[in-house]
Amino acid sequence: MRSKTGFTIREIARLANVSVGTVSRALNNRPGVSPETRARILQLAKELGFTPSPVARELVGFPRTVGLLLAPGVRRYTPYFALLLEALSEALAKEGLRVREIPTDSAGLPLEEALGFILLGAHDHDPRVEHLKKAGKPFVLIGAYPDVFAVAPDDVEGGYQATRHLLELGHREVAHLTGHLHHQAGRERLLGYRKALEERGLPLKPELILDGGFDPLAAYRAVRRAWEGGLRFTALFAASDEMALGAKAALEDLGLRIPLDVSLVGYDDLPEVGQELTTVHQDIPTIAEEAVLLLKRALAHEAPVAKRVPVRLVVRGTTAPKEVITGQKP
């Protein structure tokens, strides 16, 4: 990398008697450099009139690029992922940054450097988190994890609102299509479902909890298999809009009507996917903006904090009172 004044980063490294990587970290305000060494490098760069060109900064791969790290198995080509990536790109652009998915190894660990990282697909004992913490690299998790910068929708509250809505309509046999329970979103939405049942004094029935894996085809198969196996319910809460659509297709293929035979609630309020569903709206642009604000704090080496973004129930045409279905009051 050559500056506008003609000096290169290698020449600064030679004069400062440090590695090129140390100079790069100091100039880009990255961790891993002692305060004394950083001050010496910055003073030397100032004396030499060193101002790296933007093009050269981009060519070394770090500078203004934020790396996106996906957990192994996370589905990339989904409406939710596309919306989140768009929102992150816009929020980062306001700070003069860009986002790029970073290649990873089989454990999801990054194979390339970046200014900082944003992690998706949080799960228990996530090796990405421990790796980045040990390496002293700034990152933000979209999800929940102890002692790291993190932001997530209030998924317990979302699951609670969805289930409470169905219970208030008089339904008592309420099924739940879960996502992955070792991931924050799936686990917390199930906790919200359970909380609403407990509040009404209703037991949690394991047979009414169906594994949809955050996948519409898996949701279709789970609902159809359960109904054909004799399981009955008058309402269903799916932990994503995509699973709700899979469930809807299965129920309709079985000859059931939504909401006259089964009321249905989704989660996410995705455009063109959940727009006809009663669903839980999560504010994706705000989640992205909060992630970028937290990343700035991580880059400044502040103590980690976690934030929750509120959610809200949006009632549309896929839920109805149980008495409309049975002709009897609950």
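Numbers at a glance
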| item | result |
| --- | --- |
| The range 203-215, subset surrounded by 15 or more Cβ atoms within 10 Å (Cβ to Cβ) and hydrophobic (A, V, I, L, M, F, W, C), residue nearest to Pro153 (Cα to Cα) | Phe214 |
| Test: residue in the range 26-43 that is surrounded by fewer than 16 Cβ atoms within 10 Å (Cβ to Cβ), modelled with pLDDT of 75 or more and either polar (S, T, N, Q) or touching a strand residue (DSSP E or B) at 6+ places or on another chain (Cβ under 6 Å) (or both) | yes |
| Arg224 being surrounded by fewer than 21 Cβ atoms within 10 Å (Cβ to Cβ), farther than 21 Å from Gln161 by Cα, touching a residue at least 24 places away in the same chain (Cβ under 8 Å) and in the same structural domain as His171 (by TED's automatic domain parsing) | yes |
| Evaluation of Leu204 against (1) modelled with pLDDT of 90 or more; (2) closer than 30 Å to Leu68 by Cα; (3) among the aliphatic types (A, V, I, L, M) (one fails), failing number | (2) |
| Residue in the range 153-170 that is under 14 Å from the mean Cα position of the chain (by Cα), closer than 29 Å to Val33 by Cβ and not polar (S, T, N, Q) present | no |
| Single match in Phe233, Phe237 (criterion: at pLDDT 95 or above and in contact with a His (Cβ under 6 Å, 6 or more places away or on another chain)) | Phe237 |
| Cβ pairs under 8 Å, 6+ apart, first in the range 164-176 and farther than 10 Å from Phe233 by Cβ, second at pLDDT below 95 and of a type outside the set (Asp, Glu) | Leu169/Lys322; Gly170/Lys322; Gly170/Lys329; Gly170/Pro330 |
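The values are calculated or read from the model by the stated rules, or taken from the named source; none is laboratory data. Since the structure is predicted, the reported quantities are computational estimates derived from the model, not experimental observations. Positions of Cβ are generated from backbone atoms using ideal geometry, with glycine treated the same way; all protein chains shown enter the neighbour counts.
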